[in-house]
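Read the structure below first, then the notes.
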Amino acid sequence: MEINKIMVIGAGQMGAGIAEVCATAGYEVLLCDTSEQSLQAGIARITKNLEKNVLKERITIEEKDAILARFSLETTMERAKEIDLAIEAATENMAIKQLIFKDLDALAPEHAILATNTSSLPITELAAVTKRPEQVIGMHFMNPVPVMKLVEIIRGLATKDEVYEAIETLTHALKKTPVEVNDYPGFVANRILMPMINEAIYTLYEGVASVEAIDDVMKMGMNHPMGPLTLADFIGLDTCLYIMETLYEGFGDSKYRPCPLLRKYVAAGWYGKKSGRGFYVYE
Ligand code: CAA
């Protein structure tokens, strides 16, 4: 199962990061998004990061140009017929992802692997809309993708061992560390991280401490690089709420109920850093 050409679907924060690490590792990347504007924003983010790496003498200007030359920008998935692997990093919504997987299944060659960067949605349910559930797998990168070492690799119920092994090999080639996980809501990362963030929001909601105090306790007391409320803003409060809903629905356990304050912020359009306001205000 040789992988040479990769289509990354979604040029947002995660998709652009995934595309960057794939092209940096030498793969040909078709970066796909529905709008030209999103593609341009994605490639601008990637270029900025590569320019920083040139300044820090991690890569040469020639290497930066070679990495950028490995990209093609696509507003349709038509060229999925050329690929060995698709990594879907679209909006965290099952209906949208299912539509993408149906199209990919129809377009991609028989040997191609279909991976999703979903942070909590069931891989098995996504795989079920395709005719190749044994070639569907979860590949969950962490944000910011160029910096974070972990990739959770999630086996769906039908995922073949050869597919798992191909994705594990690819993860090493991307200079990341794979961790094998089974398909249950939130996998491992978000099953543990999100309830902590949700509890931090409850701590604020119940007036136990201020935003800054909660973050300081976790930064200085637990040596976390960011406090949980800063991290929630960084991930996106809409994404945090979506993941909590997935845990709540998937396990049917009240310990995963999203905090009403989180719901209120999301209803107000306070999504965190990307919208300029969350627990903090961003200029
Ligand atoms: N994209 C690319 N590079 C970035 C970046 C970004 N968005 N943000 C920071 N960096 C780089 C910086 O450029 C810097 O690189 P250099 O060494 O080349 O200078 C490096 O990261 C360190 O950055 P800073 O010194 O500015 O700041 P820092 O020491 O606070 O590190 C951080 C930044 C790595 C983001 C750190 O704060 C951190 O580890 N935060 C927690 C991140 C985390 O928990 N991520 C998981 C989120 S959950 C998730 O992703 C899963 C999900 O499904 C929700």
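The values are calculated or read from the model by the stated rules, or taken from the named source; none is laboratory data. Just so it is clear, the model here is predicted, and its values are computed rather than measured. FYI the Cβ positions are ideal-geometry reconstructions off the backbone, even for glycines, and counts take in every protein chain you see. Note: areas computed on protein heavy atoms with side chains; ligands, DNA, RNA excluded. Shrake-Rupley method; radii C 1.70, N 1.55, O 1.52, S 1.80 Å.
The table for this structure:
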{"quantity": "Matching residues, the range 96-134, being more than 20 Å from THR239 (Cα to Cα) and within 18 Å of the chain's Cα centre (by Cα)", "calculated": "PHE101, ILE113, LEU114, THR124, ALA127"}
{"quantity": "Total residues in the range 1-25, condition away from the ligand (no atom under 14 Å from the Cβ) and either part of a helix (DSSP H, G or I) or buried (at least 24 other Cβ atoms within 10 Å of the Cβ) (or both)", "calculated": "7"}
{"quantity": "Residues located in the range 154-176, provided they are within 14 Å of the ligand (Cβ to nearest atom) and outside any loop (DSSP other than H, G, I, E, B)", "calculated": "ILE154"}
{"quantity": "The range 29-88, residues that are within 22 Å of the chain's Cα centre (by Cα) and small (Gly, Ala, Ser)", "calculated": "SER35, SER38, ALA41, GLY42, ALA44, SER72, ALA80, ALA86"}
{"quantity": "Matching residues, the range 221-277, being in contact with a Pro (Cβ under 6 Å, 6 or more places away or on another chain) and surrounded by 17 or more Cβ atoms within 10 Å (Cβ to Cβ)", "calculated": "LEU241, MET244, THR246, LEU247"}
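Conditions tested, residue by residue: (1) in contact (Cβ under 8 Å) with a residue 60 or more places away in the chain; (2) touching a Phe, Trp or Tyr at 6+ places or on another chain (Cβ under 8 Å); (3) open to solvent by 10 Å² or more (accessible area, probe 1.4 Å).
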site: GLU74; (1), (2), (3): yes, no, yes
site: ALA80; (1), (2), (3): yes, no, no
site: LYS97; (1), (2), (3): no, no, no
site: ALA106; (1), (2), (3): no, no, yes
site: LEU114; (1), (2), (3): no, yes, no
site: THR118; (1), (2), (3): no, no, no
site: LEU126; (1), (2), (3): no, yes, no
site: GLU134; (1), (2), (3): no, no, yes
site: PRO144; (1), (2), (3): yes, no, yes
